[in-house]
Structure formats: C-alpha cells, structure tokens
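Report on one structure; see the data block that follows.
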Amino acid sequence: MSQRNRLVVLAVAAVLFGAALIALDPIIRPSNGTPTDVNGDTPALRAAFDAEFLSRPDGYQGLCKHYGFTFPEEPLQMAPGLMYKAAADGTVDVIDAFATDGRIAAYDLVVLEDDRHFFLPYLAAPVIRRETLKKHPELERVLNLLAGAISDEAMRRLNYEVDENGAKARDVARGFLQEKSLLGSRAAASSDPEAVVRLGSKSFTEQEVLGEMMTLLIESHTSLRVERRLTLGGTMLCFNALRAGDIDLYPEYTGTGLVNILKLPVDSDPSASYQTVQREFAARYDLVWLKPFGFNNTYTLTMRKHQAESLGLRLVSQLVEYLEQSKAE
C-alpha cells in the first residue's frame, strides 16, 4: 500500500471512530467542563451524591419534594472523595457537599444558596455522658470555651489545611487554639487511672480536627488524661459506643441527632433543632449536649464555579428551573 493510500485509510478510520464515540454518548464535555450536545444545545445536568445523602429524609428525596423537581437521570452514587474530583473534571455537574468542606475551595466549586430553606442546620457540639460530667464536672466549663468560637469560614480553612495541604489534624487544631488564645498552661496529666476520659470521633477530617481540639483543651486546662479514639467510624458506631460507655464524649451535629438518631421530622430552625436534641438526648439516653462550636456544616448542592456562573445559577431554585427547562426541550 502506498503512503498516500495509508493516509486515506487512517483518515477514514479516524472519522468512523469519532462517529462511534458520538453514537455512544451524544454529550461532549469541552475543556471548560460545561456540557453541550452535538447540536450545541445545553442538556440536563448530571448529578452524583453519596449514599447517605441519597437515603436520608433531609437528603435528595426530601430536597426533591421540597423544591418540586428531580434530575432527568438518576443521580450516581459516589464516595465523597470521588464526587469532588468528578465535579471538578466535568464527569458530573452537581454534587452534595458539606458547607465547611475544604475541598469546595480546593476544586474551585461553588455552593448554591438554599433559598427555600430545606437543608437542616448541622450545628456541631460535644455530646457527653451525664455520668462522665458528674464525675468530672470541669469538662463542661472547659469544652464550652469553644462555644461560638469556630465560624464556617474558619472550619473550612482548617479542613483545607488537612485535606489539601497535608497538615496533621493535631497541628491544625493546636494552631487554631493558639490563635484564639484558648490553650491552657497545664502540662502534666494526673497519674490517677480514674482521671481518664475516652474521646471519640467519626472518620472524616472535620471530626478528627474537632476531636484534637477537645483533647488539647481538656489536657491543657485540667489534670485529666484523654484517651484518643478518633476516626472510629460512622454516626451510629460513635453514638452506640457513647451509650455503651466505650467512649465518654464525641462531637456530633444537631441535624444528625435529630434525623438519624432520634428519627424526628426535619426542622430548619437552628435554635429549635438544638433545643430538641438537647432535650431528647437527655430524656432518652442520659446524654448531654454542650454548647455548639459556632459553625453550621449543613448539606449543600455544589457545582463548578465557572459552570454555575456561565449558566446563571446562584440559587437552588434557579437550578430547578434550569432542569425543568432542559426536560421541556
């Protein structure tokens, strides 16, 4: 075969290969991540959510009922770490995210404003066994030093330092407490084997940072020694460990306490939901909610920033309108 004929064959093969790709998937995603189809129209956006968001009443199903919409395609289920990368590289367009997650900034994503107030408040606070508080009443005063001290922005920055800059949770926690002048001066813990508290946390960055903050506060302001049992696992594992006395305290969120643990209806009022979990945990489980840290790690719908801007999407209700319009086309 001549050189000229070989070039012709290669050109024909390239055209056929391209046609096959288009037939397999009519959506082409250009380098800027904005989806367009072969006719230049804007198709429906693709969503990916984690398993918990897909199953919880304050997650996808409740959101659809509240705003009156569904995505044209069933959202994919993805692990949280994969979701952020998939959103950033344009594989999907909309994900759920926690408001204080440092990866929102790291991947240049933007949170859509929940303008119809669906998402539950997730105020973080220490939850402790009443038995432990009776034994060590100084814990309440010490842990309440963090009350209202951590803003959404500050928690996002701390998470970013660990997740994206590779800092250790303990170092980040210590740096924040020093910045706020909250560390005490005590250097040595008691040798009394009874002067020990076991502090747990869930297995994600924010919980580990909070667990380290609580540990450092306790050890620098009291003679108690803290036995770290951080990154234990999910909500129910930590909660059941607390009830069983395997741990004495851990940081929890009001939304999780209300819906996941108490199985009560969604309540979007931050003060009311805190008072409910405080009252019900005490009555049902003899557990005490101390004062919230200050930030609200609520669920959000999140997109690539440049894509949301190019489509004029700033509110969840605007996303709903866009999805309904794409269905009608």
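Filtered by the rule that a residue be closer than 23 Å to Thr256 by Cα, part of a loop (DSSP other than H, G, I, E, B) and over 15 Å from the mean Cα position of the chain (by Cα), region 77-100 gives no residues.
Check region 306-326 and report whether any residue there is buried (at least 21 other Cβ atoms within 10 Å of the Cβ) and either more than 26 Å from Thr70 (Cβ to Cβ) or among the basic types (Lys, Arg) (or both). Checked region 306-326: no residue is buried (at least 21 other Cβ atoms within 10 Å of the Cβ) and either more than 26 Å from Thr70 (Cβ to Cβ) or among the basic types (Lys, Arg) (or both).
Scan region 111-139 for residues that are in contact with a strand residue (DSSP E or B) (Cβ under 6 Å, 6 or more places away or on another chain) and either among the small types (Gly, Ala, Ser) or over 14 Å from Leu290 (Cα atoms) (or both) and the total you get is 9. Whenever a residue of region 240-262 is on the phi > 0 side of the Ramachandran plot, its partners that are modelled with pLDDT of 95 or more and among the acidic types (Asp, Glu), lying with C-beta atoms within less than 8 angstrom and at least six residues away or across chains, give the pairs Gly245/Glu131. The number of residues in region 306-324 being assigned to a helix (DSSP H, G or I) and within 22 Å of Phe118 (Cα to Cα) comes to 10.
Looking only at region 182-203, residues that are within 29 Å of Thr235 (Cα to Cα) and modelled with pLDDT of 90 or more come to 10 in all. Checked against (1) touching a helix residue (DSSP H, G or I) at 6+ places or on another chain (Cβ under 8 Å); (2) closer than 24 Å to Tyr107 by Cα, Leu145 passes all but condition (2).
In region 69-79, which residues are of a type outside the set (A, V, I, L, M), at pLDDT 95 or above and within 17 Å of Leu323 (Cβ to Cβ)? Please lay out each step first, then the result.
Residues of region 69-79 of a type outside the set (A, V, I, L, M): 69-75, 77.
Now narrow it down to the ones that are at pLDDT 95 or above: 75, 77.
Answer for region 69-79, where residues must be of a type outside the set (A, V, I, L, M), at pLDDT 95 or above and within 17 Å of Leu323 (Cβ to Cβ): just Pro75.
Among the residues in region 45-60, are any among the small types (Gly, Ala, Ser), modelled with pLDDT of 95 or more and not assigned by TED's automatic domain parsing to the domain that holds Asn260? Yes; the residues of region 45-60 include at least one that is among the small types (Gly, Ala, Ser), modelled with pLDDT of 95 or more and not assigned by TED's automatic domain parsing to the domain that holds Asn260. Among the residues of region 270-292, is any assigned to a loop (DSSP other than H, G, I, E, B), modelled with pLDDT of 95 or more, within 22 Å of the chain's Cα centre (by Cα) and crowded, with 20+ Cβ neighbours inside 10 Å? Yes; the residues of region 270-292 include at least one that is assigned to a loop (DSSP other than H, G, I, E, B), modelled with pLDDT of 95 or more, within 22 Å of the chain's Cα centre (by Cα) and crowded, with 20+ Cβ neighbours inside 10 Å. Considering the conditions (1) touching a residue at least 12 places away in the same chain (Cβ under 8 Å); (2) part of a loop (DSSP other than H, G, I, E, B), Glu206 is excluded by exactly one of them, (2). All told, Leu264 meets the bar of being outside any helix (DSSP H, G or I) and either touching a helix residue (DSSP H, G or I) at 6+ places or on another chain (Cβ under 9 Å) or under 19 Å from His117 (Cβ atoms) (or both). Residue-level analysis places Ser220 outside the set of residues that are in a helix (DSSP H, G or I) and either within 15 Å of Tyr122 (Cβ to Cβ) or modelled with pLDDT under 95 (or both).
Among the criteria (1) more than 29 Å from Gly62 (Cα to Cα); (2) modelled with pLDDT under 95; (3) of a type in the set (D, E, K, R), the one Glu179 does not fulfil is (2).
The values are calculated or read from the model by the stated rules, or taken from the named source; none is laboratory data. Bear in mind the structure is a predicted one, so any value in this text is a computation, not a measurement. Glycine gets a Cβ as well: all are built from the backbone with ideal geometry, and neighbour counts include every protein chain shown.
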